[in-house]
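What follows is calculated from the coordinates using simple rules that are stated; it is not laboratory data. Only a predicted model underlies this, so the values are computations on that prediction, with no experimental measurement involved. Neighbour counts run over all protein chains shown; Cβ positions are idealised from the backbone, glycine included.
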Amino acid sequence: MRLELLDECLRNSMRKWTLQDLIDKVNIKLVNDFGKEISRRTIQGDLKHLKDEKNAPIVTWKEGSQTYYKYKDRNFSIKNLPIQEEEVVLLRDAISILNQVSNFKILDDVGVIINKLQNTVNTNVANRQCFIQFEKHTTAKGTEYIDSIFSAIKERLTLRITYQSFKADKATEYTFHPYLLKEYRNRWFAIGRKEKSKETTNLALDRIKQIKNSKEDYIANDLFDPETYFNDLVGVTFPENGSVQMVVLKVSSSQSKYVLTKPIHHSQTVIKEYKNGDIQVELRLIENYELHSVLLSYGPQIEVIKPVSLRNKMKSLFEEGAELYI
């Protein structure tokens, strides 16, 4: 901050700057922001740093007994310094990562910035081998609506959505007030208010048929806190009348390390360890479809101990699956 303040002063050729003027200018800012001042010696050290490390064209001249400071080149600024080669390498690595995750662009501005950076990097640094690769997913249907819904949330706009759930025979159209976009396992969902309902509605983007703008006034979100709304869930599905409950699982030794390093839910805690390497973990969450799917994915390596209702549900699902292979 001190260097930037000195840089601004020395670029201002409309004023003559003494050393004391520079000290006063910097201290006003520091006192306002941090409640402390720096010394004459510190400013002198900063000026030397600008000259030696930033190649700042600082010149001094005397008028009477006063010594003044300025930039010889008024167009110079430390903010205009070219980036170093190692900085270009870091930018190139960052761009490589961004390109892997930007299958679609929510903001066109981001794409423009990436292109500018990539043009700069490509002209300065030779191509490097790939160091990081992300899992490649099949793009889910409905991602073409992300930009429209994102903009509606940002601009507080109401939408007319034509939607057909898997259970419905035909699509229906209604007003929707969007509040949040949520991704789970490469599927996208819009959470908001349907018409003037007092409850949230969760729309899967792959079941949206059409989106249009609505002239109806936007109803602000007074239904949930987006930061905490999904804290008690695996996935995105809220079952009707669902409540947080304690779930106890016994995990076999062959899967215990996987479950420990990648918890099923953030509430997961180990409550018992067995000599053979098995463990018991406790979760506090709402039982839903996604939890069933996760538990099924572990097959016989995870046993539900509590609650009895979930234990019976998983037993029934495994029995139905076993019937297919008889």
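Over the range 244-323, the Kirkwood radius and the radius of gyration, each from Cα atoms, give a ratio Rg/Rh of 0.94. Qualifying GluC sites (Glu not before Pro) in the range 1-49, where qualification requires a DSSP coil assignment and no more than 16 other C-beta atoms within 10 Å, comprise 37.
Just to confirm the filter: which GluC sites (Glu not before Pro) across the range 140-206 are DSSP coil and have at most 10 other Cβ within 10 angstrom of their Cβ? Passing sites in the range 140-206 are 199. So which lysines pass the test for residue 315, namely a Cα distance under 21 Å, with those fewer than 8 places away in the same chain ruled out? Within reach: 250, 306. Per-residue extension of 0.36 nm, minus the Cα-Cα distance of residue 200 and residue 312, leaves a gain of 37.4 nm for this segment. Applying a DSSP loop filter and a limit of 11 other Cβ atoms within 10 Å to the trypsin sites (Lys or Arg not before Pro) in the range 155-226 leaves 167, 170, 185, 196, 198, 215. By the rule of a C-alpha distance below 24 Å, with chain neighbours fewer than 8 residues away ignored, the lysines paired with residue 167 are 141, 182, 194, 196, 198, 209, 212, 313. The mean sequence distance of close C-alpha pairs (under 8 Å, at least 6 residues apart), as a share of the length of the range 1-77, puts its relative contact order at 40 percent.
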